[in-house]
Amino acid sequence: MPELIKAKEPFRFCTRLHLSELTGLRATTLGQLLALIKEVPGSSIYHHTHRFLQQHQYLSPEPPNDFAYWLTGILGEDELGERLASIDTIQYSTIRDLREKIASTIESYLGENPLAEMKFASAGEEFHFIKSVSFILPTNYVARDLNEFAEILKKITIDSIYFHIFEARLRLEKPTNDFSFWIENSLGDGKLAEIISSFDPYTSTLEDLRKKIIRIIERRISQ
Amino acid sequence: MGQIDQYIPLAGQSVIDDLKLLGERLKGKVIQHINSTPVGGGVAEILNRMVPLLRELGVDTRWDVIKGGEQFFAVTKKFHNALHGRAEEITPRDFEVFMETSRQNIENLDTYGDIVFVHDPQPIALVRKRAANKWLWRCHVDVSNPDESVWGFLMSFIAQYDSAVFSAPSFSRKLPIRQFLISPSIDPLSDKNKELPQEMIDSVLKKYDIKKDKPIITQISRFDRLKDPVGVIETYLLVKKYINCRLILAGGAAEDDPEGFKVLEEARARAKNDPDIHILLLPQNDLEINALQRGSDIIVQKSLKEGFGLTVAEALWKVKPVVASNVGGIPLQIKHKYSGLLCHSIQGASFAIKQLLGSPEYAKKLGENGREHIKNNFLITRHLRDYMLLFLSLYYPEDVVHLC
């Protein structure tokens, strides 16, 4: 096995813990939902499109995003629910873009189905807008080469993986995920960086994503 | 091994590591919890477990209790019912009684904390004493449809806090201060929830003369009209027409609840000496409650209103099938037909119980899913993390907080 390249800069793993902040805003109809989607803070759009990721790993029956769940389960708008659930989130590099895509999907559906605006959620079943407040903390784990990196990946919390893959890219508007950025810039391994950044993390559980990244790095180490 | 490390097998090493990281960020801050009773009810139960754990994590946490007489607690009970939307006649005198006791507490209780964490409406007026420190108000009550006169009265205090905390999104409304969503939790290692040997479960059933000769349906709750014990008896009677079963209604009485004994008498009157109905007024005996839950076939929580309904989480943690009202925080714990059955009426509850008694495999699956859901979302480790983040949020107003 060739000697591993030492990183120019070590990689410090951070973790991201979140607190749910209530906005007091609620929607009873599709029209109200659309109006609020356009005006709530980005951290609320982020919450309702990403909350499921940390629950999904447990195979709970949560659907991919809260808007889709409410529209399907409460308003009975199955087709619109499906359209929202299948938005290819990875394509959007900012919350702004994602918000616009969600809003335009609802608008075009309303254009085709004006009667959809007549439906009301009954009392107690309104859509409540919540925001995610994120706290980013450095952990004690630091990697200086790929071997250390893979070993730490095995024991770090899924919150840490979540932070470096999702939050760094979409919410903090970095060009790629943190792992790929470090591997390319500090280890000079553009090929490995590209493979990791080509994964669609939205279609697997966080545990599966962890295993996939470890596998690809270990294969790289043994080459 | 510290107490906190005992949670590693349940929550995972890295979760406990995160709690320790957060604890370090709160070093030097004094957190002062204030509520109205040291025993009885969910708030005291959570604080009893949480305060020592926070201390072990390096967060200097203390707990004080306000003082109040019979009159004061009669008024706060009326407030409690009115906040839950029940019709109550609240007189100007009631507000005076509330303020008289509040003034005494403002005078006598030292609010020394860097963060003063006030629980529920009883101590809410203490905020008049606020200085340069931070103040949090934790609402454990279902305020989705409150009596507006009581809510308006409380709002004059709530607006003086830095942040408020609610247990379910449906309790939130537009407020002039920040508000957070934090669900309460159960402690899997407490006497109420830890694993018990079968002999102990059997001996508790024997002690209360409860035979295991037919299915046992149980509701564990304080004797409180909002927990609808009489409705549970009506439900049982509908089930009993078709399936021979027993009913246990067991619970204690909180010091700040003067109505409890009246409700207990109403339940006894409705039970009419039915030998299969066991009404047990239990003193604070968590091990016995644990044994009764584990010895039951179905757990019911037929509340009319519910702040959160931790008895549901307790039952699900014990892999029990649960039938519960679709109110307050209960739908956060039960996804209908996945981790339990939700109901809206006596008839609905009895139908659900009959369904479960007739399909034990289905009932078992609901219980198993329920335990997994509680494990991932409603254990004390998640609650500790949320509270520590809440404390930190008082010093960071932004949506993304870098603590690097």
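Relative contact order, whole percent, for chain B stands at 16, derived from Cα pairs under 8 Å and 6 or more residues apart.
Would you work out if the range A:139-222 is rounded, prolate or oblate? Take a ≥ b ≥ c from the square roots of the eigenvalues of the alpha-carbon gyration tensor; rounded if a/c is under 1.5, else prolate when a/b is larger than b/c, oblate otherwise. Note, shape of the range A:139-222 comes out rounded. For the protein assembly as shown, the Cβ-based charge dipole about the Cα centre amounts to some 700 debye (Lys, Arg positive; Asp, Glu negative; other atoms uncharged).
Which GluC sites (Glu not before Pro) in the range A:104-208 pass both tests, a DSSP loop state and at most 12 other beta-carbon atoms within 10 Å? List each step's numbers first, then the result.
Values: sites: A:E107, A:E112, A:E117, A:E125, A:E126, A:E148, A:E151, A:E167, A:E173, A:E184, A:E194, A:E207; in loops: A:E125, A:E126, A:E173.
Sites meeting the loop and neighbour criteria: A:E173.
Over chain A, DSSP H runs of length four or greater, each weighted -39,500 (n - 2.57), average out per residue to a 222 nm ellipticity of -14500 deg cm²/dmol.
At q = 0.17 Å⁻¹ the log10 of I(q)/I(0) for chain A amounts to -1.16, computed by Debye summation with a single uniform scatterer per C-alpha, solvent ignored. The mean number of Cβ atoms from other chains found within 10 Å of a Cβ in peptide B:394-403 is 5, as a whole number.
Once R0 is set to 30 Å, what does the formula 1/(1 + (r/R0)^6) return for the Cβ-Cβ distance between B:E265 and B:S345, expressed as a FRET efficiency to the nearest 0.05? List each step's numbers first, then the result.
Working: r = 24 Å, r/R0 = 0.81.
Efficiency for this residue pair is about 0.75.
Only the Cβ atoms of Lys and Arg (+1) and of Asp and Glu (-1) were treated as charged; on that basis the dipole of chain B about its Cα centre amounts to roughly 860 debye. For the range B:198-377, the pair-distance distribution built from all alpha carbon pairs, in bins 5 Å wide starting at 0, is 1, 9, 19, 22, 23, 16, 8, 1, 0 percent.
Among the GluC sites (Glu not before Pro) in the range B:79-184, those placed in a DSSP loop whose Cβ has at most 16 other Cβ atoms within 10 Å are B:E89. An oblate overall shape is assigned to the range B:123-182, the ratio a/c of its alpha-carbon gyration tensor axes (a ≥ b ≥ c) being 1.5 or greater and a/b not exceeding b/c.
Residues B:M388, B:M155, ranked from the fewest to the most other C-beta atoms within 10 Å, line up as B:M155, B:M388.
What are the trypsin sites (Lys or Arg not before Pro) within the range B:269-328 that DSSP puts in a loop, where the Cβ has at most 16 other Cβ atoms within 10 Å? Please report the intermediate quantities before stating the final value.
Working: sites: B:R270, B:K272, B:R294, B:K302, B:K305, B:K318; in loops: B:K272, B:K302, B:K305, B:K318.
For trypsin sites (Lys or Arg not before Pro) across the range B:269-328 that sit outside H, G, I, E and B with at most 16 neighbouring Cβ atoms in 10 Å, the list reads B:K272.
We did not get these values from a lab; they are worked out from the coordinates using the rules stated. Computed from a predicted structure; not experimentally measured. Positions of Cβ are backbone-derived with ideal geometry, glycine not excepted, and every protein chain shown enters the neighbour counts.
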